[in-house]
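Written out below as structure tokens is the structure these notes cover.
The values are calculated or read from the model by the stated rules, or taken from the named source; none is laboratory data. These numbers were taken from a predicted model, which means no experiment stands behind them. We place every Cβ from the backbone using ideal geometry, glycine too, and count neighbours over all the protein chains shown. Accessible surface areas use protein heavy atoms only, side chains included; no ligands, DNA or RNA. Shrake-Rupley method; radii C 1.70, N 1.55, O 1.52, S 1.80 Å.
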Amino acid sequence: MAGSIEHRIALSAESDHASLPILGRAHEWVVTVDHKRLGLMYIGGGLVFFLIAGLQAATMRLQLAIPNAGIIAPQVFNRLLTVHGTAMVFLVGMPILTGFLNYLVPLMIGARDLAFPRLNAFGFWLWLFGSLLLYFSYIGGDGLYGAGSAPDVGWFAYAPLTERAFSRGNSTDYWILSILLTSVGSTATAINLLTSIFCMRCEGMTLRKMPVLVWLAAVVSFLMCVVLPPLSAAQAMLLLDRFLGAHFFDTQAGGSAILWQHFFWIFGHPEVYVLVLPAFAFANEIIPVFSRKVIFGYSVMVAASCALAFISLGVWAHHMFSVGMAPAGNAFFAASTMLVSIPTGIKIFNWIGTMWGGKIRFRIPMMFSVGFLAQFLIAGLTGIMLAVAPFDWQLTDTYFVVAHFHYVLIGAIVFMIFAAIYYWFPKATGKMLGERLGKWHFWLFLIGFHMTFDTLHFAGLRGMPRRIYTYQPGRGLDTINLIASIGVIFQAAGILMFLINVIRSLRSGKPAGDDPWDAWTLEWSTSSPPPEYNFAELPVVRSRRPLWDLKHPEDPDWKYE
Amino acid sequence: MDDERNRGHEQTVIEMPAPTAWPMLMAVGLTLSFAGLVTSVAVTIVGIVFTIVGIVGWFGEVLPVEHTESIAVTPALEVPRAKVAVAYLEVGEMGHRAVLPLEIYPYRAGIKGGIAGGVVMAALAVVHGMILHGSPWYTINILAATGMADLANANAATLSSFIPSAFIVALVIHGVASILIGLLYGVLLPMAPRYPAFFAAIVAPLLWTGLLWASLSVINPVLDARIEWRWFILCQIAFGAVAGYVVDRTEKVRTLQHLPFAVRSGIESPGIMRERIEREPEK
Ligand code: HEM
Ligand SMILES: [Cu+2]
């Protein structure tokens, strides 16, 4: 049995790098091709942008806290709005989530690295420089490089608003170029993940024995490969319009105003799933471990995720009901959107099934996961409401929509990002995150989130349009907006607790050991942090819970699977 | 990698891809060559130079042979365990491999329940129309108005008359909604194992009625004004009670969790069934 996991050689976490001077260590990070380091760099970079884009959001909420406030100028608001939305999607959500996949997938499939380690490094740096370009536009400024400064056209950059005639200077070009670059980086990552998952699994890990997270990583990568090219194509066309007068989207010269919307949303809607599927993936790993049960409905879970990815490709025009499509078009996209609720419902059912009858341990990762479950359910319900075309006609471009998508983006995705950080931090650093500060973080963030976004649904129902920099008093919006803005203070306090927690743990956290949660997937079978080569001997697995088998040879899982 | 694995415990070094800065240089180059569009041509030129240098350097590292780095391995033979206190799950403890719920209602039960509930609800609605408006068609037309915009604004006389198209629309809406909600009951009822009747007849109908009550004034204010909410709640509770009763009376079936996909999808595959039955860890 030489080479099977039972005989595997685990490794000590020690490395001699620690003795190098600071510069030497920085150099190591810069030239690294190790998937774990690159994963951590994605996550770290994403968190920095999360703070910046979060401050921008807070500034918007400050301006909107009271009616007729004049804290920031209208155009500044538009710039904040655009950069906040763009950054949260491309510089925060995508990199943090793919960073986790980068870190976890090779460990979970029992491989030493991704298939193309150098391509991985290239993808990361392209993402980072592309991201810096977006924020560089602030420095580009009204003076330095001619008219410009940060883009102010919204994260969707609707043409023809973004044509030269209406968007002078270079701000929109910054938006295009930056997203073009980060998309190339993301596509590289997606190809890398797909190849690794299909070609580099360790012995015995058949497709039916892969952790659900790995399955979802494959689905997400597939989705990225399909939907990023249309976005890049549209952006290339817009560049041609702006620099060479190509008239793709220029209505005055026979171009189409709707074309951009189709291109954008055929990317934009599946993008939501690119963001939310990894969040599901984390839930699929965390909920079973903290419920002390095997996942309920493994194959159904996988099938539902594949179904979600496919359906998401056919619903894009639900963002365009107010464009005035033919009734048949509206009906088709309303119906296909409602279809989404079936696989989603199945997933929620299976998560509850996983918790049912389990011995649930409410540690921080589990608390965030349960918050995610409830909030994602509500986000789904408001989403189905918006899929009803006449309802959407009334509420599109109101704060109801803003509240709905922040329920998905924060209530589901950011909550699961935090759950994942608390869960895998011990693996990556060898230190536990503090439980007490973690609870403060969770409760402050939860309360703040609901104060801000529950209330904003009602602002929308009362007709408050989105993308406005101020509003008139006495229209039933004053109290709502004030509460929403106060909620941001709670959220910020929660994030502060989190930062303190991370710094404290890195300095003097409790040593975690290799497997602090008594988990079952392969990443917990190496030391914390794992050595550069992950596994001294590549593992051999025989069931979906290889570590259970290892710890309990008297009653292993593979007898039953 | 295979021979590496076979060497087993004697193995002391592992070859990993060597660190490199070329991909980063190429990324800088690409970014600069793009950024030149919004700054100056000089930036693009520098960018292109960087890109080319980066490509050449990168290829030099993988062709003809990949640069690697040898890393020493420190062997240890222990199964790693936490250094912090965790309640470890032991074999046999509270069904350590439990896949719950063990039994669910068949989907058929949900559909039947939905139809039964729908029939009772429709009857109540017609009674309501006759008592309050003197016409059995009134409620039917109101329901149809959710899909037929012109009906929503119609006067009481029109609403009390028989309109064939409205009747069909109402039938479709009511039928589809009843069956879907029935299905939902079939799935959800095992989740409320303590008081299924209370959940089915009271909690669920009140939840969705509340949701509708809160949002209908926005979705369809004209319709909202015409709905008599007390009757509405009564109808919903009747639906919930009947549907829940029908579902709950149906015999539960075992979940198919342990069975292989081929069996679950009904594919005849000799050998699989027997094998599984032998392995079933039944007590
Ligand atoms: C404390 C947390 C946050 C607050 C207070 C906040 C607040 C806001 C506000 C005030 C707007 C402008 C709405 C409008 O006028 O239309 C906005 C837009 C947006 N936000 Fe957030 N946000 C937060 C977190 C996030 C996160 C985590 C994401 C994504 C992961 C995100 C994604 C977006 C997007 C995509 C837009 C749309 C931008 C556009 O319409 O161009 N936000 N947010
Ligand atoms: Cu969408």
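Name the residue, out of A:ALA403, A:ALA389, A:ALA459, A:ALA428, that is within 14 Å of another protein chain (Cβ to nearest Cβ), out of contact with any Ser or Thr (no Cβ under 7 Å at 6 or more places or on another chain), more than 16 Å from ligand 2 (Cβ to nearest atom) and among the small types (Gly, Ala, Ser). Give the derivation first.
On the way: A:ALA403 fails: more than 16 Å from ligand 2 (Cβ to nearest atom); A:ALA389 fails: more than 16 Å from ligand 2 (Cβ to nearest atom); A:ALA428 fails: within 14 Å of another protein chain (Cβ to nearest Cβ).
Only one candidate passes the filter, namely A:ALA459.
Tally up the residues in region A:331-342 that are crowded, with 21+ Cβ neighbours inside 10 Å and part of a helix (DSSP H, G or I), please.
Going through region A:331-342 one residue at a time, the tally reaches 3.
Cβ-Cβ below 9 Å, separation at least six or inter-chain, first residue in region B:171-182 and open to solvent by 80 Å² or more (accessible area, probe 1.4 Å), second not in a helix (DSSP H, G or I): which pairs?
B:VAL172/B:GLY147
Filter region A:260-293 down to the residues that are β-branched (Val, Ile, Thr) and either in contact with an Asp or Glu (Cβ under 8 Å, 6 or more places away or on another chain) or within 16 Å of ligand 1 (Cβ to nearest atom) (or both) and list them by number.
First, pick out the residues of region A:260-293 that are β-branched (Val, Ile, Thr): A:266, A:272, A:274, A:276, A:286-287, A:289.
Within region A:260-293, A:VAL272, A:VAL274, A:VAL276, A:VAL289 meet the criteria.
Within the set of pairs 6 or more residues apart or between chains, which connect a residue that is away from every other protein chain (no Cβ under 14 Å) inside region A:493-516 to a residue that is open to solvent by 40 Å² or more (accessible area, probe 1.4 Å) with Cβ atoms less than 8 Å apart?
A:GLY494/A:TRP440; A:GLY494/A:TRP443; A:ILE495/A:LEU51; A:MET497/A:TRP440; A:LEU506/A:THR429; A:LEU506/A:LYS431
For A:GLY255, all conditions in the list (1) open to solvent by less than 10 Å² (accessible area, probe 1.4 Å); (2) away from ligand 2 (no atom under 16 Å from the Cβ); (3) more than 14 Å from every other protein chain (Cβ to nearest Cβ); (4) more than 23 Å from A:ILE417 (Cα to Cα) hold save one; what is the number of the exception?
(1)
Can you name the residue in region B:215-234 that is open to solvent by less than 40 Å² (accessible area, probe 1.4 Å), hydrophobic (A, V, I, L, M, F, W, C) and assigned to a helix (DSSP H, G or I) and, of all such residues, is farthest from B:ALA144 (Cα to Cα)? Don't jump to the end; show me each part of the working.
Of the residues in region B:215-234, the ones open to solvent by less than 40 Å² (accessible area, probe 1.4 Å) are B:215-216, B:218, B:220, B:223-224, B:227.
Subsequent filtering for residues that are hydrophobic (A, V, I, L, M, F, W, C) retains B:216, B:218, B:223, B:227.
Filter once more, keeping what is assigned to a helix (DSSP H, G or I): B:216, B:218, B:223.
Values: B:LEU216: 15, B:VAL218: 18, B:LEU223: 11 Å.
Restricting to residues being open to solvent by less than 40 Å² (accessible area, probe 1.4 Å), hydrophobic (A, V, I, L, M, F, W, C) and assigned to a helix (DSSP H, G or I), the top hit is B:VAL218.
Report the residue count in region B:18-40 for those that are within 16 Å of A:VAL30 (Cβ to Cβ) and at the interface with another protein chain (Cβ under 7 Å from one of its Cβ atoms).
Step one: list which residues in region B:18-40 are within 16 Å of A:VAL30 (Cβ to Cβ), which gives B:18-29, B:31.
The next check asks that each one be at the interface with another protein chain (Cβ under 7 Å from one of its Cβ atoms); those that pass are B:19-21, B:23-24, B:26-28, B:31.
Adding up the residues that qualify gives 9.
Part of a loop (DSSP other than H, G, I, E, B), touching a residue at least 12 places away in the same chain (Cβ under 8 Å) and within 12 Å of another protein chain (Cβ to nearest Cβ): is that true of A:GLY185 in this structure?
Working: part of a loop (DSSP other than H, G, I, E, B): no; touching a residue at least 12 places away in the same chain (Cβ under 8 Å): yes; within 12 Å of another protein chain (Cβ to nearest Cβ): yes.
For A:GLY185, the condition - part of a loop (DSSP other than H, G, I, E, B), touching a residue at least 12 places away in the same chain (Cβ under 8 Å) and within 12 Å of another protein chain (Cβ to nearest Cβ) - is not met.
Taking A:PHE156 as meeting all but one of (1) surrounded by fewer than 24 Cβ atoms within 10 Å (Cβ to Cβ); (2) within 17 Å of the chain's Cα centre (by Cα), write down the number of the exception.
It is condition (2) that A:PHE156 fails.
If I filter region A:286-294 for residues that are under 16 Å from the mean Cα position of the chain (by Cα), open to solvent by less than 40 Å² (accessible area, probe 1.4 Å) and modelled with pLDDT of 90 or more, do I get at least one hit? Break it down into steps so the answer makes sense when it comes.
Step one: list which residues in region A:286-294 are under 16 Å from the mean Cα position of the chain (by Cα), which gives none.
No, every residue in region A:286-294 fails to be under 16 Å from the mean Cα position of the chain (by Cα), open to solvent by less than 40 Å² (accessible area, probe 1.4 Å) and modelled with pLDDT of 90 or more.
Of everything in region A:219-238, what is open to solvent by 20 Å² or more (accessible area, probe 1.4 Å) and touching a residue at least 40 places away in the same chain (Cβ under 8 Å)? Give them in sequence order. Quick ask: steps written out before the conclusion?
Of region A:219-238, the ones open to solvent by 20 Å² or more (accessible area, probe 1.4 Å) are A:222, A:225-226, A:229-230, A:232-233, A:236-237.
Residues satisfying the conditions are A:PHE222, A:VAL226, A:PRO229, A:SER232, A:ALA236.
Quick one: A:LEU101 ticks every box in (1) open to solvent by 10 Å² or more (accessible area, probe 1.4 Å); (2) part of a helix (DSSP H, G or I); (3) more than 10 Å from ligand 1 (Cβ to nearest atom); (4) among the aliphatic types (A, V, I, L, M) bar one, so which box is it?
The number of the failed condition is (1).
Are any residues in region A:273-303 touching a helix residue (DSSP H, G or I) at 6+ places or on another chain (Cβ under 8 Å) and part of a loop (DSSP other than H, G, I, E, B), and if so, which ones?
A:LYS293, A:VAL294, A:ILE295, A:PHE296, A:GLY297
Conditions (1) within 14 Å of chain B (Cβ to nearest Cβ); (2) out of contact with any Gly (no Cβ under 7 Å at 6 or more places or on another chain); (3) more than 16 Å from ligand 2 (Cβ to nearest atom), marked per residue:
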{"site": "A:GLY45", "(1), (2), (3)": "yes, yes, yes"}
{"site": "A:VAL48", "(1), (2), (3)": "no, yes, yes"}
{"site": "A:ALA53", "(1), (2), (3)": "no, yes, yes"}
{"site": "A:ARG61", "(1), (2), (3)": "no, yes, yes"}
{"site": "A:HIS84", "(1), (2), (3)": "no, yes, yes"}
{"site": "A:VAL92", "(1), (2), (3)": "no, no, yes"}
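Does A:HIS552 satisfy the criteria of being surrounded by fewer than 21 Cβ atoms within 10 Å (Cβ to Cβ) and within 10 Å of chain B (Cβ to nearest Cβ)?
Details: surrounded by fewer than 21 Cβ atoms within 10 Å (Cβ to Cβ): yes; within 10 Å of chain B (Cβ to nearest Cβ): yes.
Taking the combined requirement at face value, the residue satisfies it.
Select from region A:33-57 the residues that are open to solvent by 30 Å² or more (accessible area, probe 1.4 Å) and within 15 Å of ligand 1 (Cβ to nearest atom) and list them in ascending order.
Selection gives A:LEU47, A:VAL48, A:PHE50, A:LEU51, A:ILE52, A:LEU55.
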